[in-house]
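The values are calculated or read from the model by the stated rules, or taken from the named source; none is laboratory data. All values derive from a computational prediction rather than experimental measurement. Methodologically, a virtual Cβ is constructed for each residue, glycine included, from the backbone with ideal geometry; neighbour enumeration extends over all protein chains shown. Heads up: the accessible areas ignore ligands, DNA and RNA and are worked out on the full protein's heavy atoms, side chains in. Shrake-Rupley method; radii C 1.70, N 1.55, O 1.52, S 1.80 Å.
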Amino acid sequence: QVQLVESGGGLVQPGGSLRLSCAASGSIFKIYVMGWYRQAPGKQRELVATITSGGSTNHDDSVKGRFTISRDSAKNTVYLQMNSLKPEDTAVYYCNIEATPLVTGGRYLYWGQGTQVTVSS
């Protein structure tokens, strides 16, 4: 079993900052890609940013220059530093990893439960 636990969401004013964290636990052999997605009301889930095991990052154009993804591989944790937040960043943010479980092998996608980010004055 692989579990993802997210934290750090909340209510923030426009222009403010938040830092999301997502810790993976359980019987994990290796984590390849870690990422963040978000889903606003009435919209499809969309990619925010990803980071590979080698540290290569990809950020959606809508967040470039404002959000930064990072990871601590020793802790199986991925972070999303969000600065200069805008009302349109309001969404539920989901952590996602591609990993190989210790027992079964193979590569699977796992999702966190989501954390709400609300940007409003």
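Observations, loosely collected:
- Label-point gap, in nm, between K43 and Q13 - each point 7 angstrom along Cα→Cβ: 2.4
- Seen from Y32, the other residues with C-beta closer than 9 Å to its C-beta sum to a net charge of +1, counting Lys and Arg as +1 and Asp and Glu as -1.
- Note on the stretch 80-121 and the stretch 1-21: Cα centroid distance 9 Å, given to the nearest whole angstrom.
- Dipole magnitude for the chain: about 120 debye, using +1 per Lys or Arg Cβ and -1 per Asp or Glu Cβ, origin at the Cα centre.
- Here the stretch 39-105 is assigned +1 on the Cβ of each Lys and Arg and -1 on the Cβ of each Asp and Glu. Its dipole about the Cα centre then comes out at about 100 debye.
- Phi-derived couplings, Karplus 6.51 cos²θ - 1.76 cosθ + 1.60 at θ = phi - 60°, listed residue by residue for the stretch 45-58: 5, 10, 6, 9, 6, 9, 9, 8, 5, x, x, 6, 10, 9 Hz, with x used for Gly and Pro.
- Per-atom-type breakdown for the chain gives carbon and sulfur 48% of the accessible area (1.4 Å probe, protein chains only).
- Probe 1.4 Å, protein heavy atoms only - accessible area per residue of the chain in square angstrom: 52
- Loop-located GluC sites (Glu not before Pro) across the stretch 29-121 with a Cβ neighbour count of 14 or fewer within 10 Å are lacking, with loop assigned by DSSP.
- Ranking V12, T57, Y37 by Cα position along the charge dipole of the chain, where only Lys, Arg, Asp and Glu carry charges on their C-beta atoms, puts T57 farthest toward the positive end.
- Residue-wise HN-Hα couplings along the stretch 27-38, as the Karplus relation 6.51 cos²θ - 1.76 cosθ + 1.60 with θ = phi - 60° gives them from phi, are 8, 10, 7, 7, 10, 9, 10, 10, x, 10, 10, 9 Hz; Gly and Pro carry x.
- Amide H contacts of G114 (H built 1.01 Å from N, in plane; Pro and chain starts excluded): E6, C95 sit under 5 Å, all sequence-distant by 5 or more or on other chains.
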